[in-house]
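So the structure is just underneath, and the comments pick up after that.
The values are calculated or read from the model by the stated rules, or taken from the named source; none is laboratory data. As the structure is a computational prediction, the values presented were derived from the model and not from experiment. Note: areas computed on protein heavy atoms with side chains; ligands, DNA, RNA excluded. Shrake-Rupley method; radii C 1.70, N 1.55, O 1.52, S 1.80 Å.
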Amino acid sequence: MTDTGNRILWTIVGALLLVVGALAVVVATGVWPLTSTDATVLPETDTGTWADAPAWVLALPVAFGVLLAVLGLWLFARELLPRGESGIEDQTLDDEPARGRTRVDSSAVVTAWQRDIAAARSIARARARLTGSPPRPNAWLRIDLAPSGTVEQAREHVDETLERLATTANWRPGRLDVTIRPARGDQRVH
């Protein structure tokens, strides 16, 4: 999942939790006209109904809770686990029959591009990932700025490296997702 996808997903999850929490506060304070602050959460008739229900009826909310827990753990693992190596296949270029074939190792291209990005003074560290198929793969970059670096410098350097990638491997990302993080350490915003 891309960083943009993660931000959208967490925004939706946060908005849902905010709505549920606000609704709980409104109900608990009695602002909602349909409820009373003295009312119990489950009336006696409902608790009796649940106690008399067959076991399979109780299994439904348990299964729903387990499903939510599994989805939550999957999302948590996706956030913490590092992304794998390049998801792009190696490229084989067929030259004239007398000249042979050229094989482009995709992991070597990704590593070289990552090192090229990290070579700038404005960038402390860079992580790159390509997926899809050449010559228009999808690209994800995560860049940590150096203490003296600016976002503008990083953007210009990434543009330069994209030109070099297009020249050397003939790959131009069809989709580019760049996340730039500020430098670590004692930084003050002026």
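Whole-Hz Karplus values for region 128-137 come out as 10, 8, 10, 9, x, 9, x, x, 10, x Hz, taken residue by residue from phi with 6.51 cos²θ - 1.76 cosθ + 1.60 and θ = phi - 60°; glycine and proline positions read x. Ligands, DNA and RNA left out, the 1.4 Å accessible surface of region 103-144 is 44% carbon and sulfur atoms. Segment Arg127..Ala22, full-extension length gain: 33.9 nm, with 0.36 nm per residue of separation and the alpha-carbon distance subtracted.
Between Thr29 and Thr179, the contour length at 0.36 nm per residue exceeds the Cα-Cα span by 49.8 nm.
Scan around Arg125 for amide H atoms under 5 Å from its own, H built in the peptide plane at 1.01 Å from N, and keep only partners 5 or more places away or cross-chain. When sequence neighbours closer than 5 places are left aside, the close amide H contacts are Asp144. In this structure the amide hydrogen of Ala183, modeled in the peptide plane, comes within under 5 Å of the amide hydrogens of Leu145, none closer than 5 places in sequence on its chain.
Given a 1.4 Å probe, how much area per residue of region 100-182 is accessible, in Å²?
Numbers: 4610 Å² over 83 residues.
It amounts to 56 Å² per residue over region 100-182.
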